Amino acid sequence: MKILRRNYSFPELYIFRKAALKILLNYRKVMNFILVELSLFFRVKRNLGLPFNILIEPTGDCNYQCIKCEQFTDLYADDGLVSGSKDMPFKNYRKIIDDIGDTLITLRLWNYGEPLMNNDIFLMIEYAKKKDIFVVLSSNLSLLGGDKSRKVVTSGLDYLIVSCDGASERTYKLCHGKDYFKRVINNIKALIGEKKNLHSELPFIELQFIVMKENENEINDISRIAKDLGVNKMTYLKLQADRLNIDKLGRFSSINELLPINKRFCYSSRERKRFNSCRIPWEETLIRYSGKVIPCCFDIGQLYAMGNLFQDGQYTGFKNIWNSQNYRGFRSQVALNLEALSTCQYCEKRDNNSNDQIHLA
């Protein structure tokens, strides 16, 4: 079964049974889901419901320099420092959750920053869980020191994705720009230990490995490491490198030096173009650390920014943006012809398909 661009076995889904039951028994969440799906089915510009999946960026800062990060592109943009920081203040986050949390089903806390750099990240998770939201965090897990392993579990986090693109110290440093391979492995062990100590099935831990030329010979090694660690899921992703800026990377002379030799692990534009429509503008949205609302995380240049939730220190309200003229116009363009939108032309996330997933036996 596929949920949020991931394929799951029934034993994996069984781990989420309690969270799923709470959502199914929540009248407001279920009704909102139905209204959104009706809006999507009829491709109406004014959405009858609110997004039931959102991505909030806790911080725009990161302690890594990953070679596949799309900050290394000519298109990437953010709002710079806001009140001297790239962290979303908890007070701002709380206003968003208070506004639309009752209808939210899933909340993903990441984007281009490392979430654990925001000191309020565990408060954010706990606050969302009060509204029975399924919370997912993606992290490089290098900052999980001290008592943070216990906080990950006690916060109520449902799902943790750990980005680990190397199965050796050499490859890890090359792919992530940091010599933290052993630290991350030890942090995963510590977290799994805390789950056992606290008799908790959650968070569900997924190890994510983006396949590149430099690490494709380590696929079997990372599979073995994942099994030895006892993580819940091992996922392999294809690298999308067509927007990376080689000059900014500084370590390679051409994009071809990044792409895997085995073409099975490369994107196919033919596969992408099978989806000339997208459900994301009806079901999801992205809120950056600054409060700027973007219709999709693939819009790395903020070319289709729909507005900012915070003006002169005041919260303007998500609902005013969600069905604004700009957002309605964007949905209309998506329904008409996805290829006409510059951001969507190279997108591999179209229609929340799993075109970037590699399924290994």
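With (1) more than 21 Å from residue 230 (Cα to Cα); (2) at pLDDT 95 or above; (3) buried (at least 19 other Cβ atoms within 10 Å of the Cβ); (4) not polar (S, T, N, Q) as the list, and residue 179 as the residue in question, which single condition is left unmet?
If we test residue 179 against (1) more than 21 Å from residue 230 (Cα to Cα); (2) at pLDDT 95 or above; (3) buried (at least 19 other Cβ atoms within 10 Å of the Cβ); (4) not polar (S, T, N, Q), just (3) comes out false.
Any residue at all in the range 155-175 that's open to solvent by 10 Å² or more (accessible area, probe 1.4 Å), at pLDDT 95 or above, in a loop (DSSP other than H, G, I, E, B) and not small (Gly, Ala, Ser)?
No, the range 155-175 contains no residue that is open to solvent by 10 Å² or more (accessible area, probe 1.4 Å), at pLDDT 95 or above, in a loop (DSSP other than H, G, I, E, B) and not small (Gly, Ala, Ser).
Name the one entry in 11, 51 that is out of contact with any Gly (no Cβ under 8 Å at 6 or more places or on another chain), in contact (Cβ under 8 Å) with a residue 12 or more places away in the chain and not polar (S, T, N, Q).
Checking each option against the conditions leaves just 51.
Based on what the data block shows, is residue 95 in a helix (DSSP H, G or I) and on the phi < 0 side of the Ramachandran plot?
yes
Hey, among the residues in the range 189-228 that are of a type in the set (Val, Ile, Thr) and under 13 Å from residue 172 (Cβ atoms), which one's nearest to the chain's Cα centre (by Cα)? Give the derivation first.
Of all residues in the range 189-228, those of a type in the set (Val, Ile, Thr) come to 192, 205, 210-211, 219, 222, 225.
Then keep just the ones that are under 13 Å from residue 172 (Cβ atoms); that gives 210, 222, 225.
On the way: 210: 14, 222: 21, 225: 23 Å.
It comes out as 210.
Would you check which residues across the range 100-153 are at pLDDT 95 or above, closer than 21 Å to residue 293 by Cβ and either hydroxyl-bearing (Ser, Thr, Tyr) or open to solvent by 40 Å² or more (accessible area, probe 1.4 Å) (or both) and list them?
Those that are at pLDDT 95 or above, closer than 21 Å to residue 293 by Cβ and either hydroxyl-bearing (Ser, Thr, Tyr) or open to solvent by 40 Å² or more (accessible area, probe 1.4 Å) (or both): 102, 103, 106, 110, 120, 127, 131, 138.
If you go through the range 182-213 one residue at a time, how many are open to solvent by 50 Å² or more (accessible area, probe 1.4 Å) and within 16 Å of residue 239 (Cα to Cα)?
Adding up the residues that qualify gives 1.
In the range 98-133, what count of residues is obtained for those that are assigned to a helix (DSSP H, G or I) and not small (Gly, Ala, Ser)?
Step one: filter the range 98-133 for residues assigned to a helix (DSSP H, G or I), giving 98-103, 115-117, 121-129.
Then keep just the ones that are not small (Gly, Ala, Ser); that gives 98-100, 102-103, 115-117, 121-127, 129.
Residues meeting the conditions: 16.
Kindly indicate whether residue 349 is modelled with pLDDT of 85 or more and either of a type in the set (Phe, Trp, Tyr) or open to solvent by 50 Å² or more (accessible area, probe 1.4 Å) (or both).
It is false that residue 349 is modelled with pLDDT of 85 or more and either of a type in the set (Phe, Trp, Tyr) or open to solvent by 50 Å² or more (accessible area, probe 1.4 Å) (or both).
Regarding residue 55, is this residue within 30 Å of residue 86 (Cα to Cα), open to solvent by less than 20 Å² (accessible area, probe 1.4 Å) and either touching a helix residue (DSSP H, G or I) at 6+ places or on another chain (Cβ under 6 Å) or not basic (Lys, Arg) (or both)?
Details: within 30 Å of residue 86 (Cα to Cα): yes; open to solvent by less than 20 Å² (accessible area, probe 1.4 Å): yes; either touching a helix residue (DSSP H, G or I) at 6+ places or on another chain (Cβ under 6 Å) or not basic (Lys, Arg) (or both): yes.
It is true that residue 55 is within 30 Å of residue 86 (Cα to Cα), open to solvent by less than 20 Å² (accessible area, probe 1.4 Å) and either touching a helix residue (DSSP H, G or I) at 6+ places or on another chain (Cβ under 6 Å) or not basic (Lys, Arg) (or both).
Determine if the range 263-281 includes at least one residue that is buried (at least 19 other Cβ atoms within 10 Å of the Cβ) and within 24 Å of residue 121 (Cα to Cα).
no
Please identify the pairs in which a residue from the range 266-284 that is closer than 26 Å to residue 255 by Cβ and free of Cβ contacts under 8 Å to residues at least 40 places away in the same chain has its Cβ atom under 6 Å from the Cβ atom of a residue that is among the aliphatic types (A, V, I, L, M) and crowded, with 18+ Cβ neighbours inside 10 Å, counting only partners at least 6 apart or on another chain.
These pairs meet every condition: 266/259.
Is at least one residue of the range 276-296 in contact with a helix residue (DSSP H, G or I) (Cβ under 7 Å, 6 or more places away or on another chain) and aromatic (Phe, Trp, Tyr)?
Scanning the range 276-296, I find at least one residue that is in contact with a helix residue (DSSP H, G or I) (Cβ under 7 Å, 6 or more places away or on another chain) and aromatic (Phe, Trp, Tyr), so the answer is yes.
Hey, any hits in the range 227-236 for a residue that's open to solvent by 20 Å² or more (accessible area, probe 1.4 Å), out of contact with any helix residue (DSSP H, G or I) (no Cβ under 7 Å at 6 or more places or on another chain) and part of a helix (DSSP H, G or I)?
yes
I want to confirm something. Restricting to the range 76-99 and keeping residues that are in contact (Cβ under 8 Å) with a residue 60 or more places away in the chain and within 19 Å of the chain's Cα centre (by Cα), which single residue is surrounded by the most Cβ atoms within 10 Å (Cβ to Cβ)?
Across the range 76-99, the extreme among qualifying residues is 88.
Within the range 294-327, track down each residue that is open to solvent by 30 Å² or more (accessible area, probe 1.4 Å) and under 14 Å from residue 76 (Cβ atoms).
Passing the criteria: 297, 303, 305.
Among the residues in the range 158-165, are any on the phi < 0 side of the Ramachandran plot and of a type in the set (D, E, K, R)?
Taking the range 158-165 and keeping what is on the phi < 0 side of the Ramachandran plot, we get 158-165.
Those still in the list that are of a type in the set (D, E, K, R) too: 158, 165.
Taking every residue of the range 158-165 in turn, at least one turns out to be on the phi < 0 side of the Ramachandran plot and of a type in the set (D, E, K, R).
The values are calculated or read from the model by the stated rules, or taken from the named source; none is laboratory data. Keep in mind that this is a model prediction, so the values were computed, not measured. Note that each Cβ is placed from the backbone with ideal geometry, even for glycine, and that neighbours are counted across all protein chains shown. Heads up: the accessible areas ignore ligands, DNA and RNA and are worked out on the full protein's heavy atoms, side chains in. Shrake-Rupley method; radii C 1.70, N 1.55, O 1.52, S 1.80 Å.
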